[in-house]
1. Output the number of residues of region 38-62 satisfying the condition of being touching a helix residue (DSSP H, G or I) at 6+ places or on another chain (Cβ under 7 Å) and part of a loop (DSSP other than H, G, I, E, B).
2. Residues in region 35-50: is at least one of a type in the set (Lys, Arg) and either within 16 Å of the ligand (Cβ to nearest atom) or closer than 30 Å to VAL211 by Cα (or both)?
3. Could you list, ordered by first residue, the pairs with Cβ atoms under 9 Å in which the first is in region 144-161 and touching a residue at least 60 places away in the same chain (Cβ under 8 Å) and the second is within 13 Å of the ligand (Cβ to nearest atom) and aromatic (Phe, Trp, Tyr), at least 6 apart or interchain?
4. Please count how many residues of region 233-246 are surrounded by fewer than 16 Cβ atoms within 10 Å (Cβ to Cβ) and not polar (S, T, N, Q).
5. Please go through region 6-32 and pick out each residue that is part of a loop (DSSP other than H, G, I, E, B) and within 16 Å of the ligand (Cβ to nearest atom).
6. In region 247-265, what residues are surrounded by fewer than 20 Cβ atoms within 10 Å (Cβ to Cβ) and under 23 Å from GLU178 (Cα atoms)?
7. What's the number of the condition TRP146 fails, among (1) modelled with pLDDT of 95 or more; (2) within 16 Å of the ligand (Cβ to nearest atom)?
8. Before we move on, is PHE92 within 11 Å of the ligand (Cβ to nearest atom), modelled with pLDDT of 95 or more and either farther than 30 Å from VAL271 by Cα or of a type in the set (Phe, Trp, Tyr) (or both)?
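The values are calculated or read from the model by the stated rules, or taken from the named source; none is laboratory data. Everything numeric here is computed off the predicted structure, so don't read it as measured data. We place every Cβ from the backbone using ideal geometry, glycine too, and count neighbours over all the protein chains shown.
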Amino acid sequence: MSDAGNDILVAYPPVGAARAERLAALPDHVTLTVALDSPEAIAEMARAAASAERIVNVYVELDLGMHRVGVPVIDTAIALARRAREEPSLDFAGIAFYPGHVREAPEDQDAKLAELSATLTGALRKFDAADVSARVVSGGSTPTLWRSHEIEGVTEIRPGTYVYNDRGTAAIGACGWEDCALTVLATVISTAVPGQAVIDTGTKALGREPVRGAPGEGFGMLLEHPEVLVERMSEEHGVLDLSKSSWRPQVGERVRVIPNHVCIVVHLNDVVYGIRGDVLETSWPVAARGRGEPAF
Ligand SMILES: Cc1ncc(COP(=O)(O)O)c(C=O)c1O
């Protein structure tokens, strides 16, 4: 990422000396920001930044409803901000949150966005009153992409899935099916068992992620035959449920699968091919997969 840009936010707690040191070792041209929610992470990041002789920006992460990471109590978050400010190698830059609990279609998000606005406004007031004002308020997601500006106080958004979109995003109405840009090209490798067809994309190609909110709804959908789902999977096998379809594939036929969660699929593959119509125009290595030289 530091080859591609000079402003990197790691929206993930930099816990563990190895992780903190690796971040602190990024080239000098990078302005590095980390989001964290614990005194341990502050201490580790501060130590690593000090020994690398650099300043690392810190966002204190708040839990505004997702209940994953993030401090739920504002006074505790303020205490973390103060701690970060006391460290000469850290700069308290602001707060971060991830509204991953908002999974409604954009037009149905009114209540949750209003709640987020109210909670955030209250939190920002408390930060101001404690004299640790947040310069940046980092939030947003793909489902809230078009409405994040309605969350009062937000200055920065972090949608990611929107780059390709996926079945999970389209299923909740946060994008159209025509906005799903990434599919996995699969080959039908068996039709021997009546009532089903098997493709060569299993968990190693699609990941085993249910459609959030709809467990039991399969692991992917065929672009050309949306009534056909990948019903179950082994590592290299995806079993298609043909019961709702009149389509009967031939062995060797190729189909495209819209994955449930595209982020996992990108991570599982080395290359993404750029296709316009039927023309293969380009290809991109998935460098951020992190499979560089192994460190032994
Ligand atoms: C902390 C954080 N920020 C941003 C994103 C991107 O959100 P989305 O996948 O809804 O685009 C994610 C996705 O998991 C995330 O965990």
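1. Count: 3.
2. Step one: of region 35-50, the residues of a type in the set (Lys, Arg) are 47.
Filter again for either within 16 Å of the ligand (Cβ to nearest atom) or closer than 30 Å to VAL211 by Cα (or both), leaving none.
Scanning region 35-50 turns up no residue that is of a type in the set (Lys, Arg) and either within 16 Å of the ligand (Cβ to nearest atom) or closer than 30 Å to VAL211 by Cα (or both).
3. Final answer for the pair search is ARG158/TYR98.
4. So the first thing to find is which residues in region 233-246 are surrounded by fewer than 16 Cβ atoms within 10 Å (Cβ to Cβ), and the list is 234-236, 243-244, 246.
If we keep only those that are not polar (S, T, N, Q) too, we end up with 235-236, 244.
Number of matching residues: 3.
5. Kept after step one, since they are part of a loop (DSSP other than H, G, I, E, B), are these residues of region 6-32: 6, 11-16, 25-30.
ALA11, TYR12, PRO13, PRO14, VAL15, listed by residue number.
6. TRP247, GLU253, ARG254, ARG256, CYS263, ILE264, listed by residue number.
7. (1)
8. Numbers: within 11 Å of the ligand (Cβ to nearest atom): no; modelled with pLDDT of 95 or more: yes; either farther than 30 Å from VAL271 by Cα or of a type in the set (Phe, Trp, Tyr) (or both): yes.
No: the conditions fail for PHE92.
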